[in-house]
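Structure first, then comments.
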Amino acid sequence: RQATEQAVKPSRDRWFGRIVGLLRSPRLDDAVWDEIEEILISSDVGVETSLRIIEQLRERVKAGQLDSPDAVTDALKQALTQDLSGDFEGLLPSDDGASKPYVILMVGVNGVGKTTSIGKLAHHFSESGKRVVIGAADTFRAAAAEQLEILGERVGVDVIRHAAGADPGAVAYDAYQASKARGADVLIIDTAGRLHTKSNLMEELRKIHRVLNRQDTSAPHEVILTLDATTGHNGLVQAKSFNEAVNCTGIFLAKLDGTARGGIVLAIRQELQVPILFIGTGEGMGDMAPFDAEDFVDALLA
Ligand code: GDP
């Protein structure tokens, strides 16, 4: 919760705090509503969502349903929270052992923070007492496996890797076998994120998917797309093509601490219809938090 507040602070200071101030205006006239709408759009919430939310609030105020600034602020919080909440119940490997290892496939474009986020997730699970294995299936970038190995050492997690250029499907297979043999609870698999040969990449991702699925018909249990919060709507366009190629089950939104346009969280939810599971709140391995819509909105409009 504290990490969320810290990461959201720039957005609150720059944009959302102004909304709270405006809602305390003596009269909520057209000019005030227009300004609030503009702030939402500037914070990357997305035009359509901003218009819809403001329109609903306005109607309710007009109808006399919200008769104090606090009531209006609460209604806005509710509207934003509702837009963000999904049916996600927490990503935790089941303890019954039926789907052990719990397989998480990590996808995303190079540079968004995928490797770092894998380290964070490994740390997160291992801290909660789970045995974790990482599979370095981005064999395209030699540096990727090295970076993972360093992170793995730092957080005390085994990393399965092959030589550069090896078949990513073979790495996924070996990583799965190693996880089984070691009784791992969670297997996190890194994948390539090169964009210039996109069609090959998508084929590669689908192949890794198939390899895992042959080991366990319920695997991969999650396909998590890492997104860079600082790239705003541009990043969303790329994310959409990933999502179409390999049905993502959730999003790790990295670098939320690096932007004041935290409204992007709403745009992501709206555009991709995939829940945000985790947020990155800094460069350290502990700098992440499970995404909680209510905490997030509370922090934005505190
Ligand atoms: P990859 O190419 O997608 O694997 O990206 P990396 O994991 O190598 O990360 C790229 C850069 O983003 C590195 O400098 C990371 O330290 C930084 N980074 C990753 N996640 C976060 C985050 O949540 N917050 C901040 N501030 N930096 C991050």
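Diagonalising the gyration tensor over the Cα atoms of the range 185-302 and scaling each eigenvalue by 5 before taking the square root yields semi-axes of 26, 17, 13 Å, largest first.
Spatially close Lys pairs in the chain, defined by Cα atoms under 15 Å apart and a spacing of eight or more places or different chains, total 9.
Between Val103, Val155, Val45, find the one with the highest GNM mean-square fluctuation for the chain; connect C-alpha pairs within less than 10 Å. Looking only at Val103, Val155, Val45, the largest GNM fluctuation is found for Val155.
Grab the other residues whose beta carbon is less than 13 angstrom from that of Ile208, score K and R as +1, D and E as -1, and report the net.
Numbers: positive: Arg206, Lys207, Arg210, Arg214; negative: Asp138, Asp167, Asp174, Asp190, Glu203, Glu204.
Net of charged neighbours comes to -2.
Cα centroids of the range 1-39 and the range 284-302: 17 Å apart. Other residues within the sphere of radius under 14 Å centred on the Cβ of Val159, judged by their own Cβ, net out at -3 (K and R +1, D and E -1). In the context of the full set of protein chains, the chain has a per residue accessible area of 44 Å² (1.4 Å probe).
Which length gain, in nm to one decimal place, applies between Val237 and Arg60 when the Cα-Cα distance is subtracted from 0.36 nm times their residue separation?
Length difference between fully extended and current span is 60.3 nm.
For the chain, the longest principal axis of the alpha carbon atoms and the long axis of helix 69-84 meet at an angle near 30°.
Take every DSSP beta bridge whose two residues both sit in the chain; close to 10 percent of them are antiparallel. On the beta carbon distance between Ala143 and Gln2, with R0 = 35 Å, the FRET formula returns roughly 0.60. Placing pseudo-labels 7 Å out from each Cα toward the beta carbon at Gln273 and Glu153 gives an inter-label distance of 4.6 nm.
Can you give me the C-alpha center-to-center distance between the range 149-198 and the range 51-71, rounded to a whole angstrom? The two parts, judged by their Cα centres, are 51 Å apart.
Cα gyration tensor of the chain, axes a ≥ b ≥ c as square roots of the eigenvalues: rounded (a/c below 1.5), prolate (a/b > b/c) or oblate? Verdict is prolate for the chain. Only protein atoms count toward the accessible area here, which uses a 1.4 Å probe; on the chain, the carbon and sulfur part of that area reaches 45 percent.
Once backbone amide H atoms are built at 1.01 Å from N, Gly135 has Ile160, Ile188, Ile189, Asp190 as its partners under 5 Å, excluding neighbours fewer than 5 places away on the same chain. In a fully extended conformation the segment linking Arg24 and Asn213 would gain 62.6 nm over its present Cα-Cα distance, using 0.36 nm per residue.
The values are calculated or read from the model by the stated rules, or taken from the named source; none is laboratory data. Keep in mind it's a predicted model, so treat the numbers as computed, not measured. Please note: Cβ atoms are built from the backbone with ideal geometry, for glycine as well, and neighbour counts cover all protein chains shown. These area figures cover heavy atoms from the full protein model, side chains too; ligands, DNA and RNA do not enter into them. Shrake-Rupley method; radii C 1.70, N 1.55, O 1.52, S 1.80 Å.
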